[in-house]
1. Hey, could you check segment A:75-100 for residues that are hydrophobic (A, V, I, L, M, F, W, C) and within 24 Å of A:Pro47 (Cβ to Cβ) and say which is surrounded by the fewest Cβ atoms within 10 Å (Cβ to Cβ)?
2. Within segment A:178-288, considering only strands (runs of 3 or more DSSP E) that don't extend past its boundaries, which have at least 1 residues that are in contact with an Asp or Glu (Cβ under 6 Å, 6 or more places away or on another chain)?
3. Quick one: count up the residues across segment A:289-340 that are aromatic (Phe, Trp, Tyr), open to solvent by less than 40 Å² (accessible area, probe 1.4 Å), within 16 Å of DNA strand B (Cβ to nearest atom) and assigned to a loop (DSSP other than H, G, I, E, B).
4. For segment A:30-149, please list each of the helices (runs of 4 or more DSSP H) lying entirely inside it that holds at least 1 residues being within 13 Å of DNA strand B (Cβ to nearest atom) and in contact with a Phe, Trp or Tyr (Cβ under 6 Å, 6 or more places away or on another chain).
5. Could you please tell me which pairs satisfy a Cβ distance under 7 Å, a separation of 6+ or placement on different chains, a first residue in segment A:254-277 that is loosely packed, with under 15 Cβ neighbours inside 10 Å, and a second residue that is among the β-branched types (Val, Ile, Thr)?
6. Suppose we filter A:Leu195, A:Leu216, A:Leu208 for residues that are open to solvent by 30 Å² or more (accessible area, probe 1.4 Å), modelled with pLDDT of 95 or more and in contact with a Ser or Thr (Cβ under 7 Å, 6 or more places away or on another chain); which single one remains?
7. Under 6 Å between Cβ atoms, at least 6 apart or on separate chains: pull out the pairs that start in segment A:5-21 with a residue that is more than 15 Å from A:Gly185 (Cα to Cα) and end on any residue that is within 16 Å of DNA strand B (Cβ to nearest atom) and assigned to a helix (DSSP H, G or I).
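The values are calculated or read from the model by the stated rules, or taken from the named source; none is laboratory data. The model shown is predicted, which means the values in this text are computed figures rather than measured ones. Reconstructed Cβ throughout: ideal geometry from the backbone, glycine too, with neighbour counts over all protein chains shown. In case anyone asks, the SASA skips ligands and DNA or RNA and just uses the protein heavy atoms, side chains included. Shrake-Rupley method; radii C 1.70, N 1.55, O 1.52, S 1.80 Å.
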Amino acid sequence: MFFTTQLLEWNHQHNSRTMPWKGIKDPYRIWLSEIILQQTRVEQGQPYYERFITTYPTIQDLAAAPDEAVFRLWQGLGYYARCKNMLAAARQVVQSYQGRFPDTYEAIQSLKGVGPYTAAAIASFAFNSHHAVLDGNVFRVLSRYFGIDTPVDSTAGKKEFAALAQELLPAGQSAVYNQSIMDFGASICKPQQPLCPQCPLSKKCVALRQQIVALLPVKSKKLVIKKRYFYYIVLDYKGQVFIRKRTGNDIWQNLHEFILLETPSPITVQELQASSGFKALLQDVFYTVQGISPAFKQQLTHQTIHSQFLLLSAAKKPAITNYMAVPINRLNNYAFPKTITDFLENKSLGLF
DNA sequence: AACCCGGGGGG
DNA sequence: CCCCCAGGGTT
């Protein structure tokens, strides 16, 4: 088939994308790289990958690690459910598979945090198993080359593209082919300004012939961005501050935070102190205001979060439930969201 | 099927 | 400001 042969030929001639996990056969390293790279750019994920491999050279090392140490190593990478699931999967492999990474697509996908894409990637890269990968690159390349306008974020689209991708997969070459199509999508058939003039597939590309390259792939869902206002109370008592671990499935699950009050709209510090939530939390606390931080703004994919930190010093030991008192110089043992990390590292505020 | 989850980079 | 990124889990 023209598409497949041209793609493999392009890979043979031009591909020079080098990554530490490329071409290796160790399923642990492949799995780790794939988890880190979910919805994450290669340049952003690579340093994390290297730190994880250095810190946890084997899956046994990772499975035996304390949760908090792993979350701390993951800090800043985002999508923290990945970290939780990664730990669960490592322990799954050690306990249910005697530490030997499963070698079939079905068993691999049964691991926590491993879906269709990641299972196909591991199965093909590590075991040359006949499963086509379907990621953002593949959606883009196939939708353009074959001129398919089915929305890629629909169930019908996923089925259609998955079947096509599998059909194109050459026998016995799944590892190199899967690697090729993703590299090709990342370097030639890019989301913006694709390099059509030098594309080895341009001769038969439907989207190029119809001049709809920039319109593909089609996505149907529209993004709604919420605004949220966080007020963090940094309550200090004799060099210790109160933090807790976020639970549930909301943003920043399993990361830590200071005492938090959230409001639907921005308010002043005076209004905050007068609010019922503030009084309920700090009603029995005798404190003095030590400082007020500037407003921090963080733009996330689906929400904009404005945060402000209010530094309080307690005169007597506060009775705050659900939070733990941690010495300030021990805060670096805990994983925090980017906003709090930025706050803690901003020495110019003179807060600590 | 709809919705949720971070952070960074580029135009 | 927008979009995209080697997606997956929950409801």
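1. Out of the qualifying residues, it is A:Ala81.
2. A:226-237
3. The qualifying residues number 1.
4. A:81-96
5. A:Val269/A:Ile292
6. A:Leu208 is the lone residue from the list that is open to solvent by 30 Å² or more (accessible area, probe 1.4 Å), modelled with pLDDT of 95 or more and in contact with a Ser or Thr (Cβ under 7 Å, 6 or more places away or on another chain).
7. Close Cβ pairs (under 6 Å, with a partner that is within 16 Å of DNA strand B (Cβ to nearest atom) and assigned to a helix (DSSP H, G or I)) amount to A:Trp21/A:Ser33.
Conditions tested, residue by residue: (1) on the phi > 0 side of the Ramachandran plot; (2) among the polar types (S, T, N, Q).
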{"position": "A:Ile292", "(1), (2)": "no, no"}
{"position": "A:His302", "(1), (2)": "no, no"}
{"position": "A:Ile305", "(1), (2)": "no, no"}
{"position": "A:Asn322", "(1), (2)": "yes, yes"}
{"position": "A:Pro327", "(1), (2)": "no, no"}
{"position": "A:Asn333", "(1), (2)": "no, yes"}
{"position": "A:Ile340", "(1), (2)": "no, no"}
